[in-house]
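S.K.: I am attaching a structure below and will ask some questions about it afterwards.
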Amino acid sequence: MELITLDLGTRLCDYEQTWELQRQIHAEVLAGERPDTVLLLEHAPVYTAGRRTNRADRPVDGTPVVDVDRGGKITWHGPGQLVAYPIVRLREPVDVVAYVRALEDAVLGLCADLGIAGERVEGRSGVWLPGPPDAKLAAIGCRVAKGVTMHGVALNASCDTGAFTRIVPCGLPGTVATSLTSLLGRHVGPTDVVDAFAAHLRTSLTPHLAAASGASPAAVRA
Amino acid sequence: MAALPEDLQYTAEHEWIDSGSPATVGITSVAAEALGDIVFVELPEVGASLTAGAVFGEVESVKSVSELFSPVTGTVVEVNAALADAPETINSDPFGEGWLVRVEIDTLGPVLTAEEYAALTGGPGA
């Protein structure tokens, strides 16, 4: 599995350009032209909405929203949020539940490293800090096409969670967003946790892949 | 997981098709279990042309969207409208009330028997 950081800490990636890159890599993984690949990056500020997003969940001020083909409803991406897009071929028969749980496991592993008591919440995906109100630390939204995944997980590291107050995050009223920085009381940015998170991703995803490679768990710089 | 009905045919992409005219298409219990709780299904409209092996719809579950692949080339003559309000029926009754579409078949794509599909998926046979 190849882990690629897209200028993390020095460049904010345009969402639609990165989505196109995902599609290109997806086609290459599907064709057997490249290994399973995980992109690790920060986005420029953007709201994205899965197709089940209700009108009432969208920003009330007319802020642009990119409609996407992943699962889930509406969320925000932006500076201080570590985004991981695994583009990997899953073992047959494809088990979507197990794959989503593996993404959660990677976040929970990082939480354990940092002394944060992250949890799963029954009936929801992602990683949460129990409330009230329940606070979401990481959001998940995926797509599986011909057994190869796209989109992935967004982990709030040092982002301003105020951006989430303009929407109903993931279509779940009464919930809020939190971050590693808020929970730990010190600045913890994407570059501070990317290598540890990449290692957890490799560990959690490998059992679910059609083929596993033995590369080093540290993220490759690109 | 539900036993696989012997009177159906199956695909490697986890769809099933019966021998009716028109033929009914759905997803298998293997797929329904692996997807988890289905919350949304997008299906073609009546009159749409399907191509064997091509995508004809999508299902969403546990924050993931997955594609549906047609086992046949043909024309959609009926869509299970009840799934719009109760997509979870696919989980609870994948071989019955959770059917997806009915199709007038032009050509049947590659299919498997229940025994062959069970061997492919490592699941229980009929």
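S.K.: Provide Rg and Dmax in Å for the stretch B:9-110, with only Cα atoms included in the calculation.
M.R.: Final numbers for Rg and Dmax: 12.1, 35 Å.
S.K.: Along the three principal axes, how long is the protein assembly as shown when you take its alpha carbons, biggest first, rounded to the nearest angstrom?
M.R.: 65, 47, 34
S.K.: Once each part is reduced to its C-alpha centroid, what is the distance from the stretch A:73-112 to the stretch A:1-48 in angstrom?
M.R.: Between the Cα centre of the stretch A:73-112 and that of the stretch A:1-48, the gap is 14 Å.
S.K.: Moving to a separate point now. With label points built 7 Å along Cα→Cβ from the Cα atoms of residue A:186 and residue A:119, find their separation and express it in nm.
M.R.: Distance between the two pseudo-spin positions: 2.6 nm.
S.K.: With an 8 Å Cα cut-off and a minimum separation of 6 or more residues, compute the relative contact order for the stretch B:1-96 in percent.
M.R.: 28 percent
S.K.: If you average over every viewing direction, what projected area does the convex hull of the Cα atoms of the stretch A:1-151 give, in nm²?
M.R.: One quarter of the hull surface, i.e. the mean projection, equals 10.0 nm².
S.K.: Output ³J(HN,Hα) for the stretch A:90-102: one whole-Hz value per residue in order, computed from phi by the Karplus curve 6.51 cos²θ - 1.76 cosθ + 1.60 with θ = phi - 60°, and x for Gly and Pro.
M.R.: Karplus-based 3J(HN,Hα) across the stretch A:90-102 equals 7, 5, 8, x, 4, 10, 5, 4, 5, 5, 4, 5, 5 Hz.
S.K.: Continuing with this model, one more query. Averaged over peptide A:84-97, how many Cβ atoms belonging to another chain are found within 10 Å of each residue's Cβ?
M.R.: Mean shielding by partner chains, rounded to a whole number: 4.
S.K.: Simple spin-label model, 7 Å along Cα-to-Cβ: residue B:106 to residue A:211 in nm?
M.R.: 3.5 nm
S.K.: Through the Karplus equation 6.51 cos²θ - 1.76 cosθ + 1.60, θ set to phi - 60°, convert the phi angles of the stretch B:89-96 into ³J(HN,Hα) values in whole Hz; use x for Gly and Pro.
M.R.: 4, 4, 6, 7, 8, x, 9, x
S.K.: Hey, another quick one. Testing the spin-label approximation: label points 7 Å from Cα along Cα→Cβ at residue A:92 and residue B:86. State their distance in nm.
M.R.: A separation of 3.4 nm, rounded to one decimal place.
S.K.: Take every residue in peptide A:140-147, count the Cβ atoms of other chains within 10 Å of its Cβ, and give the average of those counts.
M.R.: 5
S.K.: Please report, in debye to the nearest 20, how large the charge dipole of the stretch A:9-63 is about its Cα centre when each Lys and Arg carries +1 at its beta carbon and each Asp and Glu carries -1 there.
M.R.: It works out to roughly 260 debye.
S.K.: Using Cα springs under 10 Å in a Gaussian network model of chain A, which residue among A:175, A:63, A:161 shows the largest mean-square fluctuation?
M.R.: Result for chain A, Cα springs under 10 Å: A:63 fluctuates most.
S.K.: Non-local amide H neighbours of residue B:16 (under 5 Å, H modeled in plane, Pro and chain starts lacking H): which ones?
M.R.: B:26, B:27, B:28
S.K.: Would you mind calculating the relative contact order of chain A from Cα pairs under 8 angstrom and at least 6 residues apart, reporting the percent as a whole number?
M.R.: 26 percent
S.K.: Could you pull out every residue, at least 5 positions away or on a different chain, whose amide H is within less than 5 Å of the one on residue B:109? Hs are placed 1.01 Å off N in the peptide plane, and Pro or chain starts have none.
M.R.: Answer set, sorted by chain and number: B:72, B:73.
S.K.: Moving to a separate point now. Residue B:40's amide H: which non-local residues (gap 5+, or another chain) put their own amide H closer than 5 Å, with H modeled 1.01 Å from N in plane and none for Pro or chain starts?
M.R.: For residue B:40, whose amide H was placed from the backbone, the distant partners under 5 Å are B:60.
S.K.: Which percent, to the nearest 5, of DSSP beta bridges fully inside the stretch A:2-208 are antiparallel?
M.R.: 70 percent
S.K.: On a straight-distance basis, which aspartates and glutamates could pair with residue A:73 in a cross-link, Cα separation under 14 angstrom, same-chain partners fewer than 8 positions away excluded?
M.R.: A:57, B:60
S.K.: Here is a follow-up. To the nearest 20 debye, what charge dipole does chain A have about its Cα centre, counting +1 at the Cβ of each Lys and Arg and -1 at the Cβ of each Asp and Glu?
M.R.: Using Cβ point charges on Lys, Arg, Asp and Glu, chain A gives about 420 debye.
S.K.: Right, here's the next one. Whole-Hz Karplus ³J(HN,Hα) for the stretch B:77-86, in order, using 6.51 cos²θ - 1.76 cosθ + 1.60 and θ = phi - 60°, x for Gly and Pro?
M.R.: 10, 7, 10, 6, 5, 5, 5, 4, 9, 9
Quick note: the coordinates plus some simple rules give every number you see, no bench work behind them. Note that the structure is predicted; figures quoted are calculated from it, not measured. Heads up, the Cβs are rebuilt from the backbone with ideal geometry, glycines too, and the neighbour counts pull from every protein chain shown.
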